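Shown next, in structure tokens, is the structure this report addresses.
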Amino acid sequence: MTSLMTGLTLATTRVEAQAIHTDETGIVAGEVRIPVGDGPMPAYRAMPQGPGPFPIVLVVEEIFGVHDYIKDICRRLAKAGYTAVAPELFARQGDVSKMTDVQEIVREVVSKTPDAQVMGDLDATAAWAAAEAKGDAGKLGITGWCRGGRTVWLYAAHSASLKAGVAWYGNFGGNRTAIQPKTAADVIPDIRAPILGLYGAADTGIPVADVEKARVAAKEAGKTVDIVIFPDAPHGFHADYRPSYRKGPAEEGWGRMLAWFRDHGVA
């Protein structure tokens, strides 16, 4: 992918009438290019107007790419006072904007994206935000949804600069491969920053038992982790463009996320 997609993903059922759209009043928003080792990576950046510096939040996509939902999340964060940047982490592996089959995306793109590449791209995004988007490198946070939620856990074990992370229904399991050698559960003993995990009790892909095991593992490792399980909420309960959206848990989760960032140095 050389640029971001326009509109919402084609790879899942959409309810576009209910999708939230955040305007650009008081903020600066748009597509950017972030230098990485093998060329420019497309990304979406939103930040408040004004001199800054502003705390940085890395926004990590679902498996569907940086589409309008992820862009809107960046604008919402900018309205809350953050420089928010969503890098297209799958840019090298494939153009998910043209894919309509979820399993194809997982098989041909997601499973072929090395975790080390993702960690390096997020580091590059944080450095770019500090240098080019009025970001404060000393106030770095990360949040992600679905596959991006898994990435939050991994990045918290990778980055010494991260102050806090918020993982929305990130899977703790999955296959271990040569390029994706550890699961989110594997890295819990190694996380370096406080993590808030937001999960749904009705998520058929992430058993509540796995979430509770993660809670116990974090406590035994002495990590600052808070896990919230919303009753009756399915996977994707924050995805306002999909039938899985649940307004109550989505709004409560958003408020908890902002409070978590404030309480842990990302404000």
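Data for the structure
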| item | result |
| --- | --- |
| Part-to-part distance (alpha-carbon centres) for segment 1-36 and segment 204-267, which is given in Å | 23 Å |
| Protection-proxy order for peptides 114-121, 17-24, each taking the mean of Cβ atoms within 10 Å per residue, highest first | 114-121, 17-24 |
| Reachable aspartates and glutamates from Lys213, criterion Cα separation under 20 angstrom, eight or more residues apart if same chain | Asp186, Asp190, Asp203, Asp226, Asp232 |
| Ratio of the Cα radius of gyration of segment 43-264 to 2.2 N^0.38 Å, where N counts its residues | 0.94 |
| Apportionment of accessible area to carbon and sulfur, segment 50-102, percent (1.4 Å) | 56 percent |
| Positive-end residue, the chain charge dipole about Cα centroid, Cβ charges, pick of Val216, Gln180, Pro48 | Val216 |
| Ranked packing of 59-69, 220-230, most packed first, by mean Cβ within 10 Å | 59-69, 220-230 |
| Antiparallel content of DSSP bridges confined to the chain, in %, to 5 | 35 percent |
| Summed residue charge, Cβ within 13 Å of Ala157's Cβ, Lys/Arg positive, Asp/Glu negative | +1 |
| Per-residue [θ]222 nm for the chain (sum of -39500 (n - 2.57) over DSSP H runs n ≥ 4, rounded to 500) | -9500 deg cm²/dmol |
| Neighbourhood net charge (9 Å Cβ-Cβ; Lys/Arg +1, Asp/Glu -1) for Val225 | +2 |
| Net +/- balance of residues flanking Gly205 in space, Cβ distance below 15 Å, scoring K and R +1, D and E -1 | 0 |
| Sequence-distant residues sharing a close amide H with Val57 (under 5 Å, placed H) | Thr83, Ala84, Val85, Gly141 |
| 16 Å Cα-Cα reach of Lys79 towards aspartates and glutamates, excluding residues that sit fewer than 8 places from it in its own chain | Asp23, Glu24, Glu251 |
| Kirkwood-Stokes translational diffusion coefficient of segment 100-209, alpha-carbon pairs, 37 °C, 0.692 mPa s, µm²/s | 223 µm²/s |
| Accessible area expressed per residue, the chain, with surrounding protein chains retained (probe 1.4 Å, Å²) | 40 Å² |
| Potential lengthening between Val228 and Lys112 on full extension [0.36 nm per residue; Cα-Cα distance subtracted] | 38.7 nm |
| Under 29 Å from Lys219, Cα to Cα: lysines that are on another chain or at least 8 residues apart | Lys139, Lys163, Lys182 |
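The values are calculated or read from the model by the stated rules, or taken from the named source; none is laboratory data. Being a predicted model, the structure only gives us computed values, none of them experimental. Don't worry about glycine lacking a Cβ; one is built from the backbone with ideal geometry, like all the others, and counts go over all protein chains shown. Surface areas here come from the heavy atoms of the whole protein model, side chains and all, with no ligands, DNA or RNA. Shrake-Rupley method; radii C 1.70, N 1.55, O 1.52, S 1.80 Å.
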